[in-house]
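**Student:** Okay, here's the structure, questions in a sec.
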Amino acid sequence: MNLDAFGRYKGNVDEWADEQSRTLTGLGFVIIDAEDMIQEDAHFVFLEPGQFQAFCTASGQNAVFQMRGEVDVDGTIRSVIQKLCEDNEDPVLLIKTFEVQNALLLKRARSHCHEHFYAEFSVLHQGAFISCGVLCESHDQLMEALAAFCDSADDRREEAKQVRLEQDAETLERLADELLVDPEFAKIRGRRKRCVYVLEKYGDRVPKSARGEIRRVDAGDYDGNLAALVERVSDRLELSKS
């Protein structure tokens, strides 16, 4: 399938295909859905819709094959970036970075590609495929952006790490505000015990240190983010009493 030869369509390709299907049916052609058409060494001729309709009529065609390419925009992004990642690397941050950088393009692709990203109508005539078809322009642009993103993977990893650090900092700040007004936390004596309390009550919300840092708190070893959170809130509580 030579999709490069297809015209780029700015809207939803299903709307284009539905309109072409109605026109062809109105001209007396039977529309036959096909998943794929494989013809080795076949020649392809791509025509505009009006030219295609005229050819089908002039050549005495009775039936026209219709193909639509299924797509899952978010699934494609996820799959491509997952393959890019190293074994110990979380793809979520890279996916988020790509989505943030291409938010408008992604919005258009999602809008225009509910189910399909290309549509084609074809007939086989004297060993050649005569076709008309379109490829969703926003999907094409999104795939180009995804390819460029993957080509600069090292830079993107650094951007993803920065995004994660910023998100973690915001989460830790919100948790600190909650702990400051948590009466149970304030009652606990000893920072190690406070670390245990935070782990039990808020553990699933405390982001792990991006660098895997471990800090010692009163003879106990804890994740760097957890330890820093407990120490910061404890210091603020002590200052508020003075």
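The values are calculated or read from the model by the stated rules, or taken from the named source; none is laboratory data. Small disclaimer: the values here were computed from a predicted structure and weren't measured. Methodologically, a virtual Cβ is constructed for each residue, glycine included, from the backbone with ideal geometry; neighbour enumeration extends over all protein chains shown. Surface accessibility is based on the protein's heavy atoms, side chains included, excluding ligands, DNA and RNA. Shrake-Rupley method; radii C 1.70, N 1.55, O 1.52, S 1.80 Å.
**Student:** Output yes when any residue across region 216-227 is assigned to a helix (DSSP H, G or I), in contact with a strand residue (DSSP E or B) (Cβ under 7 Å, 6 or more places away or on another chain) and not basic (K, R), and no when none is. If you could, list the steps in order and put the result at the bottom.
**Tutor:** Initially, region 216-227 is screened for residues assigned to a helix (DSSP H, G or I), giving 224-227.
From the residues that got through so far, the ones that are in contact with a strand residue (DSSP E or B) (Cβ under 7 Å, 6 or more places away or on another chain) too are 224, 227.
Right, trim to not basic (K, R) and you get 224, 227.
Yes, the conditions are met somewhere in region 216-227.
**Student:** Within region 196-210, is even one residue within 30 Å of F44 (Cβ to Cβ) and exposed (fewer than 15 other Cβ atoms within 10 Å of the Cβ)? Before you say what the answer is, go through the steps one by one.
**Tutor:** We begin by selecting, within region 196-210, every residue within 30 Å of F44 (Cβ to Cβ); these are none.
No, region 196-210 has no match at all.
**Student:** Looking at V134, V163, which one is outside any helix (DSSP H, G or I) and either at pLDDT below 95 or open to solvent by 10 Å² or more (accessible area, probe 1.4 Å) (or both)?
**Tutor:** Numbers: V163 fails: outside any helix (DSSP H, G or I).
Unique residue meeting the criteria: V134.
**Student:** Let me spell it out: the conditions are (1) touching a residue at least 40 places away in the same chain (Cβ under 8 Å); (2) not in a loop (DSSP other than H, G, I, E, B), and G11 meets all of them except one. Which number is the exception?
**Tutor:** (2)
**Student:** Taking region 138-161, which residues are touching a residue at least 60 places away in the same chain (Cβ under 8 Å), closer than 20 Å to N12 by Cβ and small (G, A, S)?
**Tutor:** S138
**Student:** I'm checking my understanding of the structure. Among residues of region 85-117 that are among the polar types (S, T, N, Q) and in a loop (DSSP other than H, G, I, E, B), which one is nearest to D14 (Cα to Cα)?
**Tutor:** N102
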